[in-house]
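Only one structure is covered here, and it is reproduced in the block below.
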Amino acid sequence: LLRDLSTIQARWDAGRAKKVNPLRAAIDRIQMRTLPIKCLETAAAWVLFEVLEHLFSQSAQLNVLDYRLLYVVLIGTLYGLDFGLVAALLASIGLAASYFTQYGYTFQGLFYEPSNWLPFIAYFVVGAVCGYVQLRNSEAIRTAIRSLRSSTTTRSRISARTGARSWVATTALARSLR
């Protein structure tokens, strides 16, 4: 049984290695970064999206897309709730700066009119929702892995064969989520 299991696992690993989606692999590598790297990437992405917003603000076709909102969705989806709210704050700072410089608003004029609040509110809501969804999904994955691992130890006591199958399933789940 142990010889067959290692052969089966080797075949499964070889088949799984061929089916790796390059986009999924890139997203997984990005999500595994450390905190300083995530902060640096968030700041660099903010600068990039602010440059895009400034460059395309004069174009009729490319001005339709809100690049700051795209930035908030991207950072919130990749890094979770905390970084989603930080991205919303940075996008709000960029929007306020563009209101001050391009349109000549003052601080009181900007926040006196409630219709000017909508983009700021939208950035924070979208950042919180995207970050929460990413956080909830990662917690659900961790819980599933923990429950599979705990059931593996329980099942391995009952039956070595069932435990081996569960171990293979747990390993497959863990590798597919990397």
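Rounded to the nearest Hz, the phi-derived 3J(HN,Hα) couplings of the range 137-147 under the Karplus curve 6.51 cos²θ - 1.76 cosθ + 1.60 (θ = phi - 60°) are 5, 5, 5, 5, 5, 4, 5, 5, 5, 4, 5, where x marks glycine and proline.
Taking the protein heavy atoms of the range 1-138 in the context of the full set of protein chains, the accessible area attributed to carbon and sulfur is 70 percent at 1.4 Å.
Quick check: convex hull over the Cα atoms of the range 61-145, volume per residue in Å³, rounded to an integer?
94
Kirkwood's formula applied to the C-alpha pairs of the range 15-76 gives a hydrodynamic radius of 13.7 angstrom. Distance between the pseudo-spin-label points of residue 138 and residue 33 (7 Å out from Cα toward the beta carbon): 1.3 nm. Solvent-accessible surface (1.4 Å probe) assigned to residue 66 amounts to roughly 50 Å². Counting only protein heavy atoms and a 1.4 Å probe, the range 47-161 has 63 square angstrom of accessible area per residue.
Taking the full set of protein chains and a 1.4 angstrom probe, give the accessible area of residue 86 in square angstrom, rounded to the nearest 10. Taking all protein chains as shown, residue 86 has close to 70 Å².
The values are calculated or read from the model by the stated rules, or taken from the named source; none is laboratory data. Note that this is a predicted model, so its numbers are computed, not measured. So basically every Cβ, Gly included, is an ideal-geometry build from the backbone, and we count neighbours across all protein chains shown. We work out accessible area using only protein heavy atoms, side chains counted, and drop any ligands, DNA or RNA first. Shrake-Rupley method; radii C 1.70, N 1.55, O 1.52, S 1.80 Å.
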